[in-house]
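One structure below.
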Amino acid sequence: MVDIAAKLITVDQALAMLKDRHAQKNERFPKLMTPGKYILPDYFLTRKREAFKIRKHTFLKRRSRSYVAFDSENGQTLWLHNFPSLSEALFWLDTGLKPADSDSGSSFKEWKQEHAKEIEGMKDQLRQMSKPKKRKPKKAKKGKKH
């Protein structure tokens, strides 16, 4: 069984990927800085088209229990999709299909059963990422007495 090659990222890393894609939009052969497969938890991708403009603007909005999957494994194109669950995002990154697609020989349910350990591992990483970091109590500084 092959491990799913997706990594969890932060919103700053996702914004850097979007800026990199936008900066190289008019390049003939773009070369993205971070090729690979990534998942941004708790965000939702929105696109807004301004009136009388051809240009599309991409925004990330904070929304709990949603996932944005980034696929730039070929190093030239950044594909983005919103998903309501982590397992659906991993399915798309692994197979290139959405759960409702019926073109393949395997279904989403079968894939989910086969990759249950990898999905649980990714969920554990997500829990570790979202835990608040405990701060060490600051030591009281000895002040000078007047």
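The values are calculated or read from the model by the stated rules, or taken from the named source; none is laboratory data. Remember, predicted model here, so these are calculated numbers, not experimental data. No Cβ is skipped: glycine too gets one built from the backbone with ideal geometry, and neighbour counts run over all protein chains shown. Accessible surface is based on the protein model in full, side chains and every heavy atom, while ligands, DNA and RNA are left aside. Shrake-Rupley method; radii C 1.70, N 1.55, O 1.52, S 1.80 Å.
Scan the range 97-115 and give yes if some residue there is under 30 Å from residue 27 (Cβ atoms), among the acidic types (Asp, Glu) and in contact (Cβ under 8 Å) with a residue 12 or more places away in the chain, otherwise no.
Taking the range 97-115 first, the residues under 30 Å from residue 27 (Cβ atoms) are 97-98.
The next check asks that each one be among the acidic types (Asp, Glu); those that pass are none.
No, that holds for no residue.
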Task: Complete set of residues in the range 1-34 that are assigned to a loop (DSSP other than H, G, I, E, B), out of contact with any Gly (no Cβ under 8 Å at 6 or more places or on another chain) and surrounded by 15 or more Cβ atoms within 10 Å (Cβ to Cβ) - done: 4, 9, 24, 30, 34
TODO: Please go through the range 87-114 and pick out each residue that is open to solvent by less than 50 Å² (accessible area, probe 1.4 Å), modelled with pLDDT of 90 or more and not aromatic (Phe, Trp, Tyr).
DONE: 87, 88, 89, 90, 93
TODO: Of the numbered conditions (1) touching a residue at least 12 places away in the same chain (Cβ under 8 Å); (2) in a loop (DSSP other than H, G, I, E, B), residue 92 fails exactly one; give the number of that condition.
DONE: (2)
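Sort out which residues of the range 69-86 are part of a loop (DSSP other than H, G, I, E, B), of a type in the set (Gly, Ala, Ser) and open to solvent by less than 30 Å² (accessible area, probe 1.4 Å), and write them in order of number. Give the derivation first.
Keep residues of the range 69-86 that are part of a loop (DSSP other than H, G, I, E, B), which gives 72-78, 84-85.
Subsequent filtering for residues that are of a type in the set (Gly, Ala, Ser) retains 72, 75, 85.
If the condition is that a residue be part of a loop (DSSP other than H, G, I, E, B), of a type in the set (Gly, Ala, Ser) and open to solvent by less than 30 Å² (accessible area, probe 1.4 Å), then 72, 75 are the ones that fit.
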TODO: Give 135, 63 a once-over and let me know the one that is modelled with pLDDT under 90, within 21 Å of residue 45 (Cβ to Cβ) and open to solvent by 50 Å² or more (accessible area, probe 1.4 Å).
DONE: 63
